[in-house]
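Participant: Before we start, here is the structure in question, set down as structure tokens.
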Ligand SMILES: [Mn+2]
């Protein structure tokens, strides 16, 4: 695996201009916080940079988008031309294990000079420059480390973006990947005036009343295996249609089975499209769920992973549970 150093990447960034910034599809807080942080970082170096979004998430992440103007980001639309991005020669890809995770942008991005910064252990090092550190609890941690090579002042918007990234991927410093460095980073940013309480409140709040109705349906279907080691919940496509919830809002369900006392593995099965099951895995102390996700065509981290599997809901659940049971 070819890995560059953070200072090599910092030098490239200082010597070049015109950047696109992108994270993975179905973005989480680390992906959104990281792409924002990079935008603010590049702007403070007087570089031109534009964020690429897979869908419009500006209302979900209002706390960061309030620092941006409309022309600072581009939202993907089917059938629209990406030629307007031709003037950008470099692309910074964040929190993304492989090019497939760039969705519709993949074809376009591969023509550019790619700087790949990530913390997924299964990252395929697809960049011209790569910095992959699986020890980092969030990409936000890596960006924070990189600031010292770039002499960038931490203004409120940059600090907020980094804190959001780290708090999202560490469950507000509660998940097993929270290390002394992530506690120190949050302490530093709090000292610098970033409103950590506001970010935590945002991360813990429900996006809408529909979300709560969807959650009630999903929790109604929660189950535990005979040894009390695995818990899972299920949301079928029919249930999603009945609630009429926006699909973009359905996330974080896996936290509920994961948080049952004594459970090692929590799993969520969400049939976002008929016959296509989104599966998320979380583990507490020993099971490497990224290995299980890999067996079903996905990936992730040892304690947090996911995949999408085609098939009938009940059959997919049975296949996955059989595999998990072999390992716990
Ligand atoms: Mn991440």
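Participant: Taking region 163-177 as the region of interest, how many residues are more than 16 Å from the chain's Cα centre (by Cα) and either part of a helix (DSSP H, G or I) or within 14 Å of the ligand (Cβ to nearest atom) (or both)?
Facilitator: 0
Participant: Another one. I'm trying to understand the selection: among the residues of region 107-123, which are more than 16 Å from the ligand (Cβ to nearest atom) and either closer than 21 Å to residue 9 by Cβ or modelled with pLDDT of 95 or more (or both)? Break it down into steps so the answer makes sense when it comes.
Facilitator: First, the residues of region 107-123 that are more than 16 Å from the ligand (Cβ to nearest atom): 107-115.
The answer is 109, 110, 111, 112, 113, 114, 115.
Participant: Let me ask you something else. Give me the helices (runs of 4 or more DSSP H) completely within region 1-79, filtered to those with at least 3 residues that are at positive phi and away from the ligand (no atom under 16 Å from the Cβ), ordered by residue number. Explain how you work it out, then say what you get.
Facilitator: Numbers: elements: 6-15, 29-44, 62-65.
Answer list for region 1-79: none.
Participant: Among the candidates 298, 275, single out the residue that is touching a helix residue (DSSP H, G or I) at 6+ places or on another chain (Cβ under 9 Å) and modelled with pLDDT under 95.
Facilitator: Working: 275 fails: modelled with pLDDT under 95.
Result of the check over 298, 275: 298.
Participant: I'd like the full set of residues that are surrounded by fewer than 17 Cβ atoms within 10 Å (Cβ to Cβ) and under 26 Å from residue 259 (Cβ atoms), limited to region 128-154.
Facilitator: Of everything in region 128-154, those that are surrounded by fewer than 17 Cβ atoms within 10 Å (Cβ to Cβ) and under 26 Å from residue 259 (Cβ atoms) turn out to be 134, 135.
Participant: Residues of region 136-154 being assigned to a helix (DSSP H, G or I) and within 14 Å of the ligand (Cβ to nearest atom), which ones?
Facilitator: Step one: of region 136-154, the residues assigned to a helix (DSSP H, G or I) are 139-150.
Listed by number, the residues that qualify are 139, 140, 141, 142, 143, 144.
Participant: Six or more apart or on different chains, Cβ under 7 Å: which pairs go from a residue in region 120-146 that's farther than 16 Å from residue 2 by Cβ to one that's more than 11 Å from the ligand (Cβ to nearest atom) and part of a loop (DSSP other than H, G, I, E, B)? Could you list them?
Facilitator: Every condition considered, the pairs that remain are 137/178; 137/179; 142/133.
Participant: Could you tell me whether residue 311 is closer than 24 Å to residue 177 by Cα and either in contact with a helix residue (DSSP H, G or I) (Cβ under 7 Å, 6 or more places away or on another chain) or touching a residue at least 12 places away in the same chain (Cβ under 8 Å) (or both)?
Facilitator: On the way: closer than 24 Å to residue 177 by Cα: no; either in contact with a helix residue (DSSP H, G or I) (Cβ under 7 Å, 6 or more places away or on another chain) or touching a residue at least 12 places away in the same chain (Cβ under 8 Å) (or both): yes.
Against the criterion (closer than 24 Å to residue 177 by Cα and either in contact with a helix residue (DSSP H, G or I) (Cβ under 7 Å, 6 or more places away or on another chain) or touching a residue at least 12 places away in the same chain (Cβ under 8 Å) (or both)), residue 311 does not qualify.
Participant: To continue, here is another question. Could you check how many residues of region 81-101 are away from the ligand (no atom under 12 Å from the Cβ), touching a residue at least 40 places away in the same chain (Cβ under 8 Å) and touching a helix residue (DSSP H, G or I) at 6+ places or on another chain (Cβ under 6 Å)?
Facilitator: Summing the residues that are away from the ligand (no atom under 12 Å from the Cβ), touching a residue at least 40 places away in the same chain (Cβ under 8 Å) and touching a helix residue (DSSP H, G or I) at 6+ places or on another chain (Cβ under 6 Å) in region 81-101 gives 2.
Participant: Checking the structure you have, find out if any residue of region 179-189 is on the phi > 0 side of the Ramachandran plot, surrounded by 16 or more Cβ atoms within 10 Å (Cβ to Cβ) and within 16 Å of the ligand (Cβ to nearest atom).
Facilitator: Just the residues of region 179-189 that are on the phi > 0 side of the Ramachandran plot, to begin with: none.
There is no residue in region 179-189 that is on the phi > 0 side of the Ramachandran plot, surrounded by 16 or more Cβ atoms within 10 Å (Cβ to Cβ) and within 16 Å of the ligand (Cβ to nearest atom).
Participant: Considering each of 157, 198 in turn, give the residue that is assigned to a helix (DSSP H, G or I), exposed (fewer than 15 other Cβ atoms within 10 Å of the Cβ) and modelled with pLDDT of 95 or more. Quick ask: steps written out before the conclusion?
Facilitator: Numbers: 157 fails: exposed (fewer than 15 other Cβ atoms within 10 Å of the Cβ).
Every option except 198 fails the conditions.
Participant: Here's another thing I want to ask about it. Mind checking which residues of region 83-122 are within 21 Å of residue 36 (Cβ to Cβ) and assigned to a loop (DSSP other than H, G, I, E, B)?
Facilitator: Result: 88, 95, 96, 97, 112, 119, 120.
Participant: Provide a single number: the residues in region 317-327 that are surrounded by fewer than 20 Cβ atoms within 10 Å (Cβ to Cβ) and touching a strand residue (DSSP E or B) at 6+ places or on another chain (Cβ under 6 Å). First the steps, then the outcome.
Facilitator: At the first step, the residues of region 317-327 found to be surrounded by fewer than 20 Cβ atoms within 10 Å (Cβ to Cβ) are 317-319, 321-323, 325-327.
Imposing the further condition that a residue be touching a strand residue (DSSP E or B) at 6+ places or on another chain (Cβ under 6 Å) reduces the set to 317.
Qualifying residue count for the region: 1.
Participant: Sticking with this one: Right, residue 48: surrounded by fewer than 16 Cβ atoms within 10 Å (Cβ to Cβ), under 13 Å from residue 20 (Cβ atoms), touching a strand residue (DSSP E or B) at 6+ places or on another chain (Cβ under 9 Å) and touching a residue at least 12 places away in the same chain (Cβ under 8 Å) or not?
Facilitator: Values: surrounded by fewer than 16 Cβ atoms within 10 Å (Cβ to Cβ): yes; under 13 Å from residue 20 (Cβ atoms): yes; touching a strand residue (DSSP E or B) at 6+ places or on another chain (Cβ under 9 Å): yes; touching a residue at least 12 places away in the same chain (Cβ under 8 Å): yes.
So residue 48 fits the description; yes.
The values are calculated or read from the model by the stated rules, or taken from the named source; none is laboratory data. Computed from a prediction, not measured in an experiment: that's the story for all the values here. Glycine also receives a Cβ, built like all others from the backbone with ideal geometry; neighbour counts cover every protein chain displayed.
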